[in-house]
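Take this structure, written in structure tokens, and hold onto it; I'll ask about it next.
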There are 2 protein chains.
Amino acid sequence: MPPLEDLSRLSLNQITTRGWSVREAAEGCARAGVPWIGLWRDKVAEAGLKESARIVRDTGLKVSSLCRGGMFPAASKAERAVRIDDNRRAVDEATVLDTDVLVLVCGAAPDRDIDTARKTVEEGIELLIPYATEAGVRLGIEPLHPVFAADRSVISTLGQANDIVERLDSPQVGVIIDVYHVWWDPELYREIERTAGHILGFHVNDWLRGGGDPLMSRGMMGDGAIELRRMREAVEAAGYDGPIEVEIFNEQVWTMPGDDALALISARYLEHV
Amino acid sequence: MPPLEDLSRLSLNQITTRGWSVREAAEGCARAGVPWIGLWRDKVAEAGLKESARIVRDTGLKVSSLCRGGMFPAASKAERAVRIDDNRRAVDEATVLDTDVLVLVCGAAPDRDIDTARKTVEEGIELLIPYATEAGVRLGIEPLHPVFAADRSVISTLGQANDIVERLDSPQVGVIIDVYHVWWDPELYREIERTAGHILGFHVNDWLRGGGDPLMSRGMMGDGAIELRRMREAVEAAGYDGPIEVEIFNEQVWTMPGDDALALISARYLEHV
């Protein structure tokens, strides 16, 4: 499998340069020749929704995805309804930002009942389908690493996400594959094959050896344990040729000047992905 | 499902009272009415192997397991052979300590090739079977939470462990189920059913919400997200009625006086397991 030849598929997921505003990130990408950006709703809210859309358009970038909807499980029916409303707003924002992919981080159980939380996630996505269809926005279920099962997502494997996609059977619903969340899975390559035609995004970074807090120790591509190129090959064999987002939560990366981070990302992307 | 009626199945995994020597732990268990102990090889080595066996016998305890063999993958053939030798020594130690269960923490890949590491684990266990059979010691594959896949174990799910048990097809090989490592798994209850007759140990603790370093933030039963009683019920339905080890890696528990820790463990065990 040859390396990627250029940056045409590279997308900066905005969390990777956390210190930057939407404008700074968009201008940074433009300077670095990175054609895509993955936006976060909190940053977009800070800059203003329409203003963010204008900035991205003016810098000539394309928006690979909006992060994030989801968080469906909640203790009360009223709170679950609030979450659905928030997801509808996220769909609206995606439309304004001219991206057709909303990333879903599905949420954790409010109690010990993980089975019920998993059902709530699926029902929540099902409820959103008509609204998302109307808006032309696709819902990307991102399975999160099992280490986040108690706090962020009861959807822990690509297999689970694929089961939901299969059952809901809507062109509006697919999956986001982030190498960090799925690399350890013994069923990974079978499940990537199974998800052919439903991949809405591919996120890269690396899993650093040595432990620590898994939320904040995501690594730069090439610094860790993940077979990045093998995984890209599998995702491409399953039909995905869209943008590849670099999404890194890491204090060290966050303290780098943004332009330096983008230069390193571009180099590592070409070398390792 | 009724709670456990007494402490007759309770075992103190020695790491839970990390500050205690073998003698202190054994005497603490005897004082607290805890009839079983799970020993660690480093602590046994500190006290001396024969002396440890004598202490445990004199205090009237039974040894539920010896922790740990495994760690099969290594960069060179010579180093892999060293690991196998070390596993044979662990089998010998289990015999002297009068336990027939050796816990296997299977090891991580020395490089990015996780598939090869997984094969190395299975080959290593297979190599040990004749020696373990001779000694009457059973090898318990403990799948570790996927968060440890890069550092401690490429066996990340009960399904993988069951696959190995099935392929090796030896009465000497089974699995250890630790709630911390498997609770998140959408296939968990199917896999517990599948492992019927091969469960060699059941470990309890809890998964604390809120993140942090997963190696050191295991919680006391009842403090976290895990459906402990449901899991015990499933393990019992699969035929396991042996000792239940409490294994907690947690700085707060480690700084408690051992007798206090044992009192809390006993109460939480009866309330939550």
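Does at least one position in the range A:235-245 carry a residue that is closer than 20 Å to B:ASP113 by Cβ and either more than 18 Å from the chain's Cα centre (by Cα) or not small (Gly, Ala, Ser) (or both)?
So far as the range A:235-245 goes, yes, one or more of its residues are closer than 20 Å to B:ASP113 by Cβ and either more than 18 Å from the chain's Cα centre (by Cα) or not small (Gly, Ala, Ser) (or both).
Of all the residues that make up the range B:133-152, how many are part of a helix (DSSP H, G or I) and either among the hydrophobic types (A, V, I, L, M, F, W, C) or away from every other protein chain (no Cβ under 14 Å) (or both)?
Filtering the range B:133-152 for residues part of a helix (DSSP H, G or I) gives B:133-135, B:146-148.
Keeping just the survivors that are either among the hydrophobic types (A, V, I, L, M, F, W, C) or away from every other protein chain (no Cβ under 14 Å) (or both) gives B:133-135, B:147-148.
Qualifying residue count for the region: 5.
A further question on this structure: Take the residues in the range B:83-114 that are in a loop (DSSP other than H, G, I, E, B) and open to solvent by 20 Å² or more (accessible area, probe 1.4 Å); name whichever of them is nearest to the other protein chains (Cβ to nearest Cβ).
B:ARG112
Working carefully through the options B:ILE244, B:ILE199, B:ILE248, find the one that is free of Cβ contacts under 8 Å to residues at least 60 places away in the same chain and surrounded by 15 or more Cβ atoms within 10 Å (Cβ to Cβ).
B:ILE199
Go through the range A:186-221 and count every residue that is facing another protein chain (nearest Cβ under 10 Å) and in a loop (DSSP other than H, G, I, E, B).
11
Quick one: A:ALA161 ticks every box in (1) away from chain B (no Cβ under 14 Å); (2) buried (at least 22 other Cβ atoms within 10 Å of the Cβ) bar one, so which box is it?
Failing condition for A:ALA161: (1).
I've got another one for you. Name, by its number, the condition in (1) touching a helix residue (DSSP H, G or I) at 6+ places or on another chain (Cβ under 8 Å); (2) in contact (Cβ under 8 Å) with a residue 40 or more places away in the chain; (3) aliphatic (A, V, I, L, M) that does not hold for A:LEU270.
Among (1) touching a helix residue (DSSP H, G or I) at 6+ places or on another chain (Cβ under 8 Å); (2) in contact (Cβ under 8 Å) with a residue 40 or more places away in the chain; (3) aliphatic (A, V, I, L, M), A:LEU270 violates only (1).
Of all residues in the range A:117-154, which are surrounded by 21 or more Cβ atoms within 10 Å (Cβ to Cβ) and within 14 Å of the chain's Cα centre (by Cα)?
A:ARG138, A:LEU139, A:GLY140, A:ILE141, A:GLU142, A:PRO143, A:LEU144, A:HIS145, A:SER153
Hey, another quick one. Exactly one condition in (1) more than 14 Å from every other protein chain (Cβ to nearest Cβ); (2) touching a Cys at 6+ places or on another chain (Cβ under 6 Å) is false for A:ILE155; which is it?
(1)
Also, quick follow-up: Which one is farthest from B:LEU168 (Cα to Cα) among residues in the range B:71-82 that are among the hydrophobic types (A, V, I, L, M, F, W, C) and assigned to a helix (DSSP H, G or I)?
Among residues in the range B:71-82 that are among the hydrophobic types (A, V, I, L, M, F, W, C) and assigned to a helix (DSSP H, G or I), the one farthest from B:LEU168 (Cα to Cα) is B:ALA78.
Across the range A:30-55, which residue is nearest to the chain's Cα centre (by Cα) among those that are aliphatic (A, V, I, L, M) and closer than 20 Å to A:ASP259 by Cβ?
Here the answer is A:LEU39.
In the range B:251-272, which residue that is over 18 Å from B:GLY38 (Cβ atoms) and of a type in the set (S, T, N, Q) is surrounded by the most Cβ atoms within 10 Å (Cβ to Cβ)?
B:GLN252
I'd like to verify a number: residues in the range A:16-43 that are surrounded by 23 or more Cβ atoms within 10 Å (Cβ to Cβ) and assigned to a helix (DSSP H, G or I), how many?
Qualifying residue count for the region: 6.
Out of all the residues in the range B:153-178, which are touching a strand residue (DSSP E or B) at 6+ places or on another chain (Cβ under 6 Å) and of a type in the set (Lys, Arg)?
Within the range B:153-178, no residue meets the criteria.
In the range A:246-262, which residues are assigned to a helix (DSSP H, G or I) and at pLDDT below 95?
A:GLU251, A:GLN252, A:VAL253, A:TRP254, A:THR255
Restricting attention to the range A:166-179, which residues are surrounded by 24 or more Cβ atoms within 10 Å (Cβ to Cβ) and in a helix (DSSP H, G or I)?
A:VAL179
Sort through B:TYR189, B:TYR180, B:TYR240 and tell me the only one that's under 27 Å from B:ASP6 (Cβ atoms), of a type outside the set (D, E, K, R) and in contact with a Lys or Arg (Cβ under 6 Å, 6 or more places away or on another chain).
Step by step, each of B:TYR189, B:TYR180, B:TYR240 is checked, and only B:TYR180 is under 27 Å from B:ASP6 (Cβ atoms), of a type outside the set (D, E, K, R) and in contact with a Lys or Arg (Cβ under 6 Å, 6 or more places away or on another chain).
Looking at the range B:180-196 only, could you name the residues that are among the hydroxyl-bearing types (Ser, Thr, Tyr) and open to solvent by 40 Å² or more (accessible area, probe 1.4 Å)? Reasoning before the result, please.
Initially, the range B:180-196 is screened for residues among the hydroxyl-bearing types (Ser, Thr, Tyr), giving B:180, B:189, B:195.
Within the range B:180-196, just B:TYR189 meets the criteria.
Moving on. On the basis of being farther than 30 Å from A:SER21 by Cβ and modelled with pLDDT of 95 or more, does A:VAL273 make the cut?
The answer is no for A:VAL273.
Inspect the range A:207-215 for any residue being in contact with a Leu (Cβ under 7 Å, 6 or more places away or on another chain) and either under 21 Å from A:ILE15 (Cβ atoms) or surrounded by fewer than 22 Cβ atoms within 10 Å (Cβ to Cβ) (or both) and give the result as yes or no.
Within the range A:207-215, one or more residues are in contact with a Leu (Cβ under 7 Å, 6 or more places away or on another chain) and either under 21 Å from A:ILE15 (Cβ atoms) or surrounded by fewer than 22 Cβ atoms within 10 Å (Cβ to Cβ) (or both).
I'm told B:GLY242 meets every condition in (1) within 14 Å of chain A (Cβ to nearest Cβ); (2) within 24 Å of B:THR17 (Cβ to Cβ) except one. Can you identify the failing condition by its number?
Here B:GLY242 clears every test but (1).
The values are calculated or read from the model by the stated rules, or taken from the named source; none is laboratory data. This is a predicted model, so every value here is computed, not measured. Cβ atoms come from the backbone with ideal geometry, glycine included; neighbour counts cover every protein chain shown. Note: accessible area is taken over every heavy atom of the protein model, side chains too, but ligands, DNA and RNA are not part of it. Shrake-Rupley method; radii C 1.70, N 1.55, O 1.52, S 1.80 Å.
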